[in-house]
Amino acid sequence: EPAAMSRESHCTVIFVRYPEKGAVKSRLAPFLDAGFIVALYESFVLDLLTLLAGSGHPFRIAFTPAEREKEVFERFGLHEGFPQCGTDLGERMKNAFRSCFFEGFTSVVLIGSDIPDLPPEILAEAFAALDDHDAVIGPALDGGYYLIGFRQESFLPEAFEGIAWGTGEVFAQTMGALARAAGSVRVLDRRRDVDTPEDLRDLIRRNRGTPFARSRTMACLASGAAPGALETAPRRGA
């Protein structure tokens with residue numbers, strides 16, 4: 001067994017929902033046009049796929065709903081992927097890891113599609129962390145997480161069981177499950193995913209003058225459909 005794993009042993013999975021009106025970014029629906037939300041979500045996914053394509057190792061798209069496979073692959077120009085499978089988010093993530101380990105990958109990192117400006121260094125850091133940790137996790141500002149990863153031999157399905165998905169307790173409960181399984185966990189920097197108008201304003205603010213300023217997402221946000229609505233959307237605490 002070679003000391004250093006080849007990069008082909010690493011795989012990133014991105015969880016994606018087929019972009020159609022009313023099915024994506026529901027918390028923006030009261031403030032932005034439904035067609036614009038679809039275009040924005042599509043931009044998020046395309047920017048993340050560009051990041052993954054440049055990462056130097058394989059990636060898979062785990063999509064839902066399963067019956068939109070053809071449209072998902074056509075929309076995103078892909079062919080490497082599989083449908084999400086399971087009754088809740090935890091089961092779907094657990095099964096995505098198992099699919100990739102079954103393919104023969106030895107380190108797998110799963111990300112969502114809510115942080116379109118995820119820096120490439122974060123992915124590199126996550127895979128490096130798996131060289132000497134059982135798991136890696138990236139906490140999100142809202143109490144969830146934006147990234148989770150395991151090595152095949154240290155995969156802990158318990159991390160996805162008994163979690164109150166969609167609440168601010170997800171990260172804390174997942175860390176509890178990982179601690180009970182006695183795994184060593186590397187915690188990455190906390191990041192803000194994009195679900196609300198306030199999150200979108202922050203995304204724009206934090207990317208002025210960055211390489212991401214030239215992304216599809218930022219072009220979409222500058223297209224004129226968003227700025228006015230974002231300005232009038234309520235701010236937290238207002």
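Can you quote the Å³ per residue value for the convex hull of the Cα atoms in the range 134-176, rounded to an integer? If you can, show how the numbers build up before the last one.
Values: hull volume 2.6 nm³, N = 43.
Measuring per residue, one finds 61 Å³ for the Cα hull of the range 134-176.
Given Cα positions, please report Rg to Rh for the range 65-123, the hydrodynamic radius being the Kirkwood one.
Working: Rg = 12.9 Å, Rh = 13.2 Å.
Ratio of gyration radius to Kirkwood radius: 0.97.
Over the heavy atoms of residue 223, what accessible area does a 1.4 Å probe trace out, to the nearest 10 Å²?
Its heavy atoms expose roughly 80 Å² to the probe.
For q = 0.10, 0.12, 0.17 Å⁻¹, what log10 I(q)/I(0) does the chain give under the Debye formula with an equal point scatterer on each alpha carbon and no solvent?
The calculated log intensity ratios at q = 0.10, 0.12, 0.17 Å⁻¹ are -0.46, -0.68, -1.36.
At a 1.4 Å probe radius, carbon and sulfur cover how many percent of the accessible area of the chain?
Details: 5730 of 11070 Å².
Solvent-exposed carbon and sulfur of the chain make up 52 percent of the total.
Only Cα pairs under 8 Å and at least 6 apart count here; give the relative contact order of the chain as a rounded whole percent.
21
Rg (Å, one decimal) plus Dmax (Å, integer) for the alpha carbons of the range 143-207?
14.2, 41
Can you give me the long-range amide H partners of residue 81? Hydrogens built in the peptide plane at 1.01 Å from N, cutoff under 5 Å, separation of 5 or more residues or another chain.
61
What is the Cα radius of gyration of the range 6-79 over 2.2 N^0.38 Å, N being its residue count? It would help to have the intermediate numbers written out before the result.
Numbers: Rg = 13.6 Å, N = 74, 2.2 N^0.38 = 11.3 Å.
Cα Rg divided by the expected 2.2 N^0.38 Å: 1.21.
The values are calculated or read from the model by the stated rules, or taken from the named source; none is laboratory data. In this text the structure is predicted, and so the values were computed from the model without any measurement. What goes into the accessible areas is simple: the full protein's heavy atoms, side chains included, and nothing from ligands, DNA or RNA. Shrake-Rupley method; radii C 1.70, N 1.55, O 1.52, S 1.80 Å.
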